[in-house]
Structures are given as C-alpha cells and as structure tokens.
Amino acid sequence: MKMRIFCGVAAIFSFAALAACSRATTGTAIPHLQKQGTATQLIVDGKPFLVLGGELSNNGPTSVEYMKPKWSMLAEAKLNTVLAGVSWAQIEPQEGKFDFRAPDGVIRDARSHNLRLVLLWFASWKNSWSSYPPDWVKKDFDRFPRVQIAGGKSIEVLSPFSDANRDADARAFAALMRHVKEVDGREHTVIMIQVENEIGLPSEPGEYRDRSPMAEKAYQGPAPKELMDYLQQQKDTLIPEFRQVWEAGGFKTSGTWEQVFGKGTATSEIFMGWNFARYVGRVAEAGKAEYPLPMYMNTWLLGFAKPNEPIRNSGTPMPDLMDVWHAGAPRIDIFSPDNATNFVTFCAKYTQSGNPLFIPEEEAGPEGAARALYAFGHHDAIAFSRMRGGVERRTTPDTALIEMYDLISQMKPLILGHQGDGTMSAVLLGPNDPPQKVKVGNYTVEGAFARSRLTAGAPAQEPVYGPVGNVSSPTAAAIFIATGPDEYYAAGNGVSVTFSPNTPGPPLAGLATVEEGSFVNGRWIPVRRLAGDDTAQGQHLNLRNMGIQRVTLYRYR
Ligand code: DGJ
C-alpha cells in the first residue's frame, strides 16, 4: 500500500518516477509469442497469457481525466487487458516534438488497476480514412499526398505509395515504441501493439485502387520480384482463393500486375494489398527496432452495400490476401478479424496457414460470451476482446461476458496447458444449428443446442418445459478438455453433451462420474455430484449457467 501512495505522487512529478514505479519488476523477457504444438501463445512475464479484453472507445484514451472514473469498472468486469488507442496527432502535435502524457496516463492507471494494455496505433489510417495524422501532415498535401480516385479527385486517405507518408508514420511509431520501452520495458503493462486500424481503400463502388500518378506508374510496372519469389516459395501452401487467382494466369512469375494476376478487381486488391503491406511493414519494423513487442493488424470484414452485395476495403488483410500481407509485412505477427458476421467461418479463415487467432473487436453480452469460449476452445485463441462502441461506455455490467471471463480465468491453466495438442475443442451453436461433433482425445464429443429450458440455463429450481431455444442467450457454446484417457472437463452454457469412443474397444460410452464444481487457483473443487435429472438420467451432460463439470466415462457394449 505504502508503495502505491508513493507511486501516485511520484507519477505526477516525473517519468523517471513512473518508470521506477511498478509491481515487482520481473526482469523477465519482454512479452513475446511462442509455439506450443500447433498453437501460438503470448508469453507475458515468462508465463502463457490469455487476453480477456475490452476495447475502449476510439478517443477515450486521449484524456486521462475522462478515463479516471472508468478503470475500476473495467477491473471489476473481469477484464485482464484493455485495448487503447494512441493518436498520432496527439503525441506529435508538431513535427519531431512528442507529447506522451496521454499514453503515460493510460499506462500508469491501467497498471495501478492490475490491467494489461494493448496499444492501438491510430496513425496513417483508421477505418480506411486518415483522421488521425497530425495537422502538419494533413495541411501539407504536396509533401504528404492523398489517394486519388477516378478523375483524379483526392480523398482524405494518405496514399500508401508515398515514402514521405510512410517515413513520417514510421518515425512517430518508433518514437512511441522507444518511449513505451522507457516507461514500461520492465513492467510489461503493454503486452502487444496493433498497427493502424482496419485499413484498406474506402470501399467506394468501382474504386479498387489508388489512381494517383505514382500509383498508376506502379500499377503499369512489373509485379515486384520480392512478392513473386515469396509466392513461388509458398506455392503449395497458399490460401486457395488467392492461389486460384494466380493459377488462372498460369502461375506467371514475372510481368505487369495484370499480366501475372489478370485484369479485374482481384488484381487491384492484390496490388493495393501489397503496397499497404510494404508501408505498414516498414512502420512495424521501425517500431520493433525500438521495442519488439508482438504486433497485429485488425480487419473490418465484409459490409453489405446492398443485400448479397458484399463490399470490402480494397487491399485490407482479408484471408484471401493474407499471403500477400505475409510477403509484404513479415514483421506483422498476426492478422485479426473484427466483428465477424459469421463468426465460425471467419475464425476458420483467419487460422489458415498458422495465423494465430487474436480477436480485438467483437460482440458483447451473451453472444460475445459464447464467441469467446469458442475462440479459445476451438481455435487456441490468444485473445478475445469486446468493442461495441467502447467497453468503458457501458452503463450496466455485462453479466454474460463477466461470467464467461470468470469461467475462462478459472480454467486458464487447463486451457493453456491443452492448447495445440488436440485434447481441447469447443462448439458454438445457434437454435437452428444441427449438433456438432468434435474429436477430443479418445472420444468424439457431440454438442447439441439444449432444447428444453431446464437444460438450457434456467435455474434448476424453476423447471419450465418451454418452447425451442433458450431465452437467455441466442447462441450456446461449450468447451471440452480431455485430461485423461476417459476424463474430461466440460463447461459452457445451453449445450447438451454426449460422447462416443474413437478408439478400439467396446463401442458405447456412458457417464460414470459427473461432478459440478469450480477451479480455485487451478485446483478443482467439486460441489454437487450429478446424475438423474441433471444428466437426463445419464443420457447426456447439461451445461448451463457457465457451469463447469468434470466427467469420467466408461465403455460398454
Ligand atoms: C471498428 C473500428 O475498428 C473501431 O475503431 C470502431 O470504429 C468500430 N468499428 C465502430 O465503433
């Protein structure tokens, strides 16, 4: 406590005090990514870390005063990490003159609430447009050119073809990373960085590439050798949708963009993807040269101009452009989906070619809660974070997400221990979805959307046999972890679960012991021993109310 009071006072007076102020310095390696089997884990203070996050509103972190009353609410919401924007315009109001008071306040206050941070670099592009560059960049459009669309009309988007734009952004980002290292290099409050935000050419119908003179010159020029060399090396593992485009042109390895990839919007998107990637890649490089924290990019997925008319920002790191982004921006560690309309599909698409799943912006409430469990259990996710306008703006507690984050925190040692080795999976089910089967350890586990309210989450004491589907959450989710040849932990909400052996021996599986309980500091504390009504007379498990159950199975014929 005495240390805390000293911290507060010191922080007001000097950065040095801020740098010295900390939890016991760990002296451990800086946050980094590490493989475990097929999974990639984020290591913080020497231990694997699951990000249970919430993203602040875009401009909340620009004001330490505005944020002051919010931190305790965020800590109470069972978050362990807050995603917070850093505005280029705010930290470099004059060229070469930096003011880090806002990010310093955010780092200090997050740290004093035992929260980690992911900083979001709002710089050249934010949701495609350039509203975050400093005024001295915005005003000098000759030195810092804009994208032009058909007819040569400039739009408020910095052109990715300008070295001046790129280098100004990279210099500022390097200054930020140098500063974060100074004030947090030992405490590791800041654990990861997002570079830019949902970039890509604004999706104007018909506009798929920058038409400025330097962009046109590049488009008429040869497809870069660097990209073609990368594609040849990765030819057998390229993402199918992208490979098809290249194959259609006969896998040419040289020529103009159109000669290699054909005429059409796909080529414009590949062209823009490559040039955005080169730009962002240099920015990330400059930042990592100062402080090599893991870095990712987020993507606004598909919007719809009209029903069935998907629109997307040209060049954005969508799954089918991930190879181009890997080639152009190798220092970006992860590509992330935001607010996926069809979550299951996009989680699968974004975990192709070893891309770890990091979800910065997602639903809140019951829907978000179900998606979080699925992301961690089915895709060994590193992070799940809700956004929906800004986590600090919520006026009532998000009970569903709080309960789910509490559940995941309880099971964290188990989840982290079983990532990447096929002994963990999860299902996500809507009321109209058929049951889902997943192979986990020695059994195939089948999860079905719980039809009756008794099993669907309504408290046991009010047995109401209601209509199809449950009222508390439109989506149900469950996680399954095999901790022994015939032992599992299962947890979630609104799912009934059955098991069938997938190894030689008696063909049928039955529920032997079923316990309901919780984990305290990683130790299983059983409460009730379940059978009868609570297991549908031994027919299946009923997962409800974010409950955890331990089950042992027996085989028979
Ligand atoms: C997605 C963006 O990444 C966020 O910054 C925010 O603009 C939301 N869309 C909308 O609130």
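Report yes if some residue within the stretch 215-230 is open to solvent by less than 10 Å² (accessible area, probe 1.4 Å), within 24 Å of residue 337 (Cα to Cα) and of a type in the set (A, V, I, L, M); otherwise report no.
Yes; the residues of the stretch 215-230 include at least one that is open to solvent by less than 10 Å² (accessible area, probe 1.4 Å), within 24 Å of residue 337 (Cα to Cα) and of a type in the set (A, V, I, L, M).
Which ranges mark the helices (runs of 4 or more DSSP H) fully within the stretch 84-143 that have 2 or more residues being more than 16 Å from the ligand (Cβ to nearest atom)? Reasoning before the result, please.
Working: elements: 88-91, 101-112, 135-139.
Helices (runs of 4 or more DSSP H) meeting the threshold: 101-112, 135-139.
Scan the stretch 373-395 residue by residue and report those that are assigned to a loop (DSSP other than H, G, I, E, B) and either within 16 Å of the ligand (Cβ to nearest atom) or open to solvent by less than 10 Å² (accessible area, probe 1.4 Å) (or both).
Matches in the stretch 373-395: 381, 382, 387, 388, 389, 390, 394.
Could you look through the stretch 491-506, keep only residues that are open to solvent by 30 Å² or more (accessible area, probe 1.4 Å) and touching a Ser or Thr at 6+ places or on another chain (Cβ under 8 Å), and pick out the one that is farthest from residue 556 (Cα to Cα)?
The qualifying residue farthest from residue 556 (Cα to Cα) is 502.
Report the residue count in the stretch 56-83 for those that are within 16 Å of the ligand (Cβ to nearest atom) and under 15 Å from residue 190 (Cβ atoms).
4
Is there any pair linking a residue in the stretch 241-253 that is within 13 Å of residue 267 (Cβ to Cβ) to one that is surrounded by 14 or more Cβ atoms within 10 Å (Cβ to Cβ) and of a type in the set (D, E, K, R), with Cβ under 6 Å and at least six apart or on different chains, and which?
242/320; 242/323
So which of 356, 307, 330 ends up being at pLDDT 95 or above, more than 16 Å from the ligand (Cβ to nearest atom), open to solvent by 40 Å² or more (accessible area, probe 1.4 Å) and not small (Gly, Ala, Ser)? Give the derivation first.
Details: 356 fails: open to solvent by 40 Å² or more (accessible area, probe 1.4 Å); 307 fails: at pLDDT 95 or above.
So the residue among 356, 307, 330 that is at pLDDT 95 or above, more than 16 Å from the ligand (Cβ to nearest atom), open to solvent by 40 Å² or more (accessible area, probe 1.4 Å) and not small (Gly, Ala, Ser) is 330.
Would you pick out the residues in the stretch 233-256 that are surrounded by 12 or more Cβ atoms within 10 Å (Cβ to Cβ) and within 25 Å of residue 161 (Cα to Cα)? It would help to see each step written out before you state the result.
Of the residues in the stretch 233-256, the ones surrounded by 12 or more Cβ atoms within 10 Å (Cβ to Cβ) are 234-235, 238-239, 241-249, 251-253, 255-256.
Selection gives 242, 245, 246, 252, 253, 255, 256.
Looking at the stretch 176-208 only, could you name the residues that are touching a Gly at 6+ places or on another chain (Cβ under 8 Å) and charged (D, E, K, R)?
Answer for the stretch 176-208, where residues must be touching a Gly at 6+ places or on another chain (Cβ under 8 Å) and charged (D, E, K, R): just 186.
Only residues in the stretch 322-335 that are assigned to a loop (DSSP other than H, G, I, E, B) count as the first member; pair them with residues that are open to solvent by 10 Å² or more (accessible area, probe 1.4 Å), Cβ under 6 angstrom, at least 6 apart or cross-chain, and list the lot.
Cβ pairs passing all conditions: 331/285; 331/288; 333/33.
Which of (1) within 15 Å of the ligand (Cβ to nearest atom); (2) free of Cβ contacts under 8 Å to residues at least 40 places away in the same chain is the odd one out, the single condition residue 342 does not satisfy?
Unmet condition: (1).
So that you can scan it fast, the table gives a plain yes or no per residue for (1) open to solvent by less than 10 Å² (accessible area, probe 1.4 Å); (2) on the phi < 0 side of the Ramachandran plot; (3) without any contact (Cβ under 8 Å) to a residue 40 or more places away in the chain:
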| site | (1), (2), (3) |
| --- | --- |
| 126 | no, yes, no |
| 131 | no, yes, yes |
| 139 | no, yes, yes |
| 158 | yes, yes, yes |
| 172 | yes, yes, no |
| 175 | yes, yes, no |
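The values are calculated or read from the model by the stated rules, or taken from the named source; none is laboratory data. Computed from a prediction, not measured in an experiment: that's the story for all the values here. As a convention, Cβ positions derive from the backbone with ideal geometry for all residues, glycine included, and neighbour counts pool all protein chains shown. SASA here: full protein model, heavy atoms, side chains in, ligands and nucleic acids out. Shrake-Rupley method; radii C 1.70, N 1.55, O 1.52, S 1.80 Å.
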